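Values quoted throughout were computed directly from the atomic coordinates according to the rules given, and no laboratory measurement underlies them. The structure displayed is predicted, hence computed values, not measured ones. Every residue, glycine among them, receives a Cβ derived from its backbone with ideal geometry; neighbour counts consider all protein chains shown.
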Amino acid sequence: MKMRSVFAKTPYQFDVRAIDVPEMGMHDVLVRVKACGLCGTDLRTAALAEAFEPIGHEVAGVIEAVGAAVENVKPGDSVCLESGTFDRFSDLSRNGKVDKDKTGRSMFNSGVGTMGFAEYMVVPCECCVKFEGLPFAEAALIEPLGVAYDLLKVAGVELGDDVLVYGIGPIGLFALRLARLMGARNIYAANRSGRGARDNLAKKWGADEVLHTDKCDPEKYPFAKGGVDKILMTATPDAMPAAMKLLNVGGIMGFIGIGVNETQFVTFDMRRFHDEKLQIRASNAVPALYFPACLELLKSGMVDMRAMISHKIRLDRFAEDVAAYNRDRAGALKAVMEL
């Protein structure tokens, strides 16, 4: 059986190919893709990959077939897919540190070579999280919501904290919403200007103020407590040194951001870092955790996922639709393919 699948490489080239549906192993499942979200990681692949690679890891679909040893799902089940899993037999997992183990089977390391911008995927059964009662387009975005959930837990946001969300792309917006739900007192969002849809959703989801870093100096902003207790950093690492100056004594910066070339290297004032007892905590969000909790946030209405989806992608016009999404700086939030 043939299926269509998107491949990407530099410079922003996309190729929709007809390929064979891969064979399943005993512990694998065949998923008919119903929705897949476009992530910054996909765009980074399109910008940097020297050879064509399949893309798409924010996925929801329906189980079409299962391997002989699969017991956790069955044909007909609706599932969203964890992008990474832990190995339950590793020393880290057996010692109760499943969040530190990145060696479980996943769509990235299974060797099958199928990803979410396609009609079908073959993935390890342990990636599958069943759900009911949600549109597939919304369920696909459980993956990035889980990334934001991990960032909040790593940063340790607490009731009454003043929080700065630095960078309000999809992960930052989800993190902002979760910070409000977790009882943050004042929430500030920092972003570059010209992103009206992001600014508006940030305010709708609980931001007290949106600071445009290209038009004002955050160091001069009159924060209620002089600075902030927690920073949720989703921008590239080169933004971190200036942002660190905004932390109050004992403040914590949680970050999830990938720099390229010179942006991955930063310098800090370690004297202040030491004297003010500051912390930086990395949230890699691998393995992908907290899917059940995130599903409940959607079902309860605590997170309105519909508000996040601004653009639709068609598989047969993939390059055209991604280009339109990238051009729409003012209106772009999240693009999702639905089949």
Next item on the list: Starting at the first residue of region 147-158, write each ³J(HN,Hα) from the Karplus equation 6.51 cos²θ - 1.76 cosθ + 1.60 with θ = phi - 60°, in whole Hz, x for Gly and Pro.
Entry: 4, 5, 4, 4, 4, 4, 5, 5, 6, x, 4, 10
Next item on the list: Report, by chain and number, residues whose modeled amide H sits under 5 Å from the one on Ala35, excluding near sequence neighbours (fewer than 5 apart, same chain).
Entry: Ala60, Leu339
Margin query: I want the local charge near Ser193. Using Cβ-Cβ distances under 13 Å, sum +1 for each Lys or Arg and -1 for each Asp or Glu among the other residues.
Written below: +3
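Over the chain, what is the relative contact order in whole percent, taking alpha-carbon pairs under 8 Å and six or more residues apart? Write out the running numbers ahead of the final one.
Values: 790 pairs, mean separation 60.7, N = 339.
Relative contact order, the chain: 18 percent.
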Margin query: Of the candidates Asp91, Asp199, Asp150, which one comes out as most mobile in a Gaussian network treatment of the chain with C-alpha springs shorter than 10 Å?
Written below: Asp91
Margin query: Compute a Gaussian network model of the chain, connecting alpha carbons closer than 10 Å, and tell me which residue from Phe174, Phe86, Phe223 fluctuates the most.
Written below: Phe223
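Between Asp91 and Lys277, what is the FRET efficiency for a Förster distance of 35 Å, r being their Cβ-Cβ separation, to the nearest 0.05?
0.65
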Notebook entry, point to check: How do Thr213, Thr234, Thr10 rank when sorted from fewest to most other Cβ atoms within 10 Å of their own Cβ?
Noted result: Thr10, Thr213, Thr234
Item checked: Rounded, prolate or oblate (a/c below 1.5 giving rounded, otherwise prolate when a/b exceeds b/c) for region 1-115 by Cα gyration tensor -> oblate
Next item on the list: Select from Gly40, Gly104, Gly56 the residue whose mean-square fluctuation is largest in a Gaussian network model of the chain (Cα-Cα springs shorter than 10 Å).
Entry: Gly40
Checklist line | Computed label-point distance, nm, for sites Asp304 and Glu23 using a 7 Å Cα→Cβ extension | finding: 5.0 nm
Item checked: Two-site FRET efficiency, Lys225 against Met270, from Cβ-Cβ distance with R₀ of 25 Å, rounded to 0.05 -> 0.60
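Taking 0.36 nm per intervening residue step and subtracting the Cα-Cα distance, what contour gain separates Glu64 from Asn261 on full extension?
Working: separation 197, 0.36 × 197 = 70.92 nm, distance 4.18 nm.
Length gained between Glu64 and Asn261: 66.7 nm.
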Next item on the list: In nm, give the distance between the simple-model label positions of Val16 and Lys100, each being 7 Å from the Cα along the Cα-to-Cβ direction.
Entry: 4.6 nm
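When Lys and Arg each count +1 and Asp and Glu each count -1, what net charge do the other residues less than 14 Å away from Val157, Cβ to Cβ, add up to? Provide the component values of the computation, followed by the final result.
On the way: positive: Lys153, Arg177, Arg180, Arg185, Lys230, Arg281; negative: Asp150, Glu158, Asp161, Asp162, Asp229.
For residues surrounding Val157, the net value is +1.
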Next item on the list: With θ set to phi - 60°, apply the Karplus curve 6.51 cos²θ - 1.76 cosθ + 1.60 along region 125-130 and write out the HN-Hα couplings as whole Hz, x wherever there is a Gly or Pro.
Entry: 4, 5, 6, 8, 10, 6
